[in-house]
Each structure stands twice: as structure tokens, then as C-alpha cells.
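To start, the structure itself, in C-alpha cells.
The values are calculated or read from the model by the stated rules, or taken from the named source; none is laboratory data. Everything quoted here is computed from the prediction, not taken from an experiment. Quick reminder, even Gly has a Cβ in these numbers, built from the backbone with ideal geometry, and neighbours come from all protein chains shown. Side chains included, ligands, DNA and RNA excluded: accessible areas come from the protein's heavy atoms. Shrake-Rupley method; radii C 1.70, N 1.55, O 1.52, S 1.80 Å.
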Amino acid sequence: MNAQLDGMAGEMLGRQIERAGIFVRAGRTVESVYGDERIGGAFLDDGTTLPADMVVLACGVRPRVDLARASGLPVNKGIIVNDTLATQIPGVYAFGECAEHRGKLYGIVEPVWEQAVVLADVLSGAKPQSR
Ligand SMILES: Cc1cc2nc3c(=O)[nH]c(=O)nc-3n(C[C@H](O)[C@H](O)[C@H](O)COP(=O)(O)OP(=O)(O)OC[C@H]3O[C@@H](n4cnc5c(N)ncnc54)[C@H](O)[C@@H]3O)c2cc1C
């Protein structure tokens with residue numbers, strides 16, 4: 001959730017989850033999982049062990065930028081765009097999950113809708129000043 005929530009919102013969510021009886025360990029990394037035929041648990045980077053019957057990986061998504069990179073578009077984590085969703089190559093725009101705007105990748109739908117509106121405004125000429 002670190003892409004969507006700041007520290008304070010993360011703590012609020014953590015408290016809600018703990019109220020539901022789920023134990024939260026934030027700020028730790030799983031170094032490895034153990035078990036033979038069945039999962040036994042996970043070793044964390046602070047040396048502690050979490051016994052577990054099940055492991056769920058929820059490690060986020062990453063834009064597929066290989067095609068953009070191979071095409072010579074400037075790419076960092078995503079395809080770099082300015083406030084009009086333009087890349088540095090004239091006439092080439094990017095928006096949505098693959099676009100990196102002001103260093104940010106959003107990872108949820110709502111900003112994608114906003115970007116779609118801005119790009120439609122700019123490309124159609126209806127509101128060229130849209131940002
Ligand atoms: C498991 C999961 C749960 C999510 N839950 C939520 C949620 O609850 N709420 C929320 O707001 N957001 C959620 N999201 C995020 C949301 O799905 C994305 O923000 C949204 O789909 C981004 O839309 P997009 O059109 O930019 O990209 P995408 O939906 O990823 O669409 C990109 C499309 O481009 C295609 N493509 C890629 N490369 C090429 C290529 N070279 N040629 C042709 N086509 C190509 C892909 O196959 C894909 O169909 C979730 C994402 C995941 C993975």
C-alpha cells in the first residue's frame with residue numbers, strides 16, 4: 001500500500017486491520033520462506049520468524065516498459081511524461097499505469113481516468129491548457 005498511502009494513513013489502516021484480529025508487521029522484508037511439503041513460515045530481515053500456514057505475495061505491479069525503452073523513449077520506472085502526458089519524443093504520449101508523472105506511478109484507476117481526460121483535452125484541442 002506504500003504507493004497509495006502516506007505514513008499516517010498507513011498507520012490508520014494498520015490499526016483497522018489489527019482491530020479485525022490481524023497482526024501487522026510493517027517496515028520489514030521477508031528474507032525467505034521455509035517448509036518442506038507445506039509452508040512452515042517466513043524469516044524476516046530483523047532475524048525473527050513468522051510461523052504460517054499460507055503465504056500470500058502482494059508485491060505490487062510494475063509497468064511493462066520494454067517496448068518504450070527499445071523505442072528510445074525516456075523511461076525510469078515508467079515512461080516519463082510531463083503535465084500534458086507528452087513524452088520527450090514529439091507526438092508520443094503515455095498515460096495510465098505505464099506513465100511516470102513527476103516521479104510518480106499511481107497504481108490505481110482514479111488517476112488514470114484523470115490522465116485520460118487531460119490527454120483527450122490536449123489531443124482534441126478542446127482544452128489545450130489542460131494539465
Ligand atoms: C491484482 C490487482 C488489483 C488491483 N486492484 C485495484 C483496485 O482495487 N482499485 C484500483 O483503483 N486499481 C486497482 N488495480 C490497479 C489497476 O488495475 C490499474 O491502475 C489499471 O488497470 C491501469 O490501467 P491501464 O489502462 O493504465 O493499464 P492496464 O490495465 O495494465 O492495461 C494495459 C494493457 O496494455 C497491454 N499491453 C502491454 N504491453 C503491450 C504491447 N507491447 N502491445 C500491446 N498491448 C500491450 C496489456 O496487455 C494491458 O491489456 C489493481 C491491479 C492489480 C494487478
List pairs: first in the stretch 109-121 and free of Cβ contacts under 8 Å to residues at least 12 places away in the same chain, second more than 8 Å from the ligand (Cβ to nearest atom), Cβ under 8 Å, 6+ apart or cross-chain?
Ala120/Ala126; Asp121/Lys127; Asp121/Pro128; Asp121/Ser130
Of all residues in the stretch 17-36, how many are within 22 Å of the chain's Cα centre (by Cα) and either assigned to a helix (DSSP H, G or I) or touching a residue at least 12 places away in the same chain (Cβ under 8 Å) (or both)?
7
So, of the residues in the stretch 37-66 that are touching a residue at least 24 places away in the same chain (Cβ under 8 Å) and within 12 Å of the ligand (Cβ to nearest atom), which turns out to be most open to solvent (accessible area, probe 1.4 Å)?
Arg64
Please tell me if Arg69 is closer than 21 Å to Asn2 by Cα and either open to solvent by 80 Å² or more (accessible area, probe 1.4 Å) or within 15 Å of the ligand (Cβ to nearest atom) (or both).
no
Tell me, please, whether a residue that is more than 18 Å from the chain's Cα centre (by Cα), open to solvent by less than 20 Å² (accessible area, probe 1.4 Å) and either hydroxyl-bearing (Ser, Thr, Tyr) or near the ligand (Cβ under 10 Å from one of its atoms) (or both) can be found in the stretch 74-86.
no
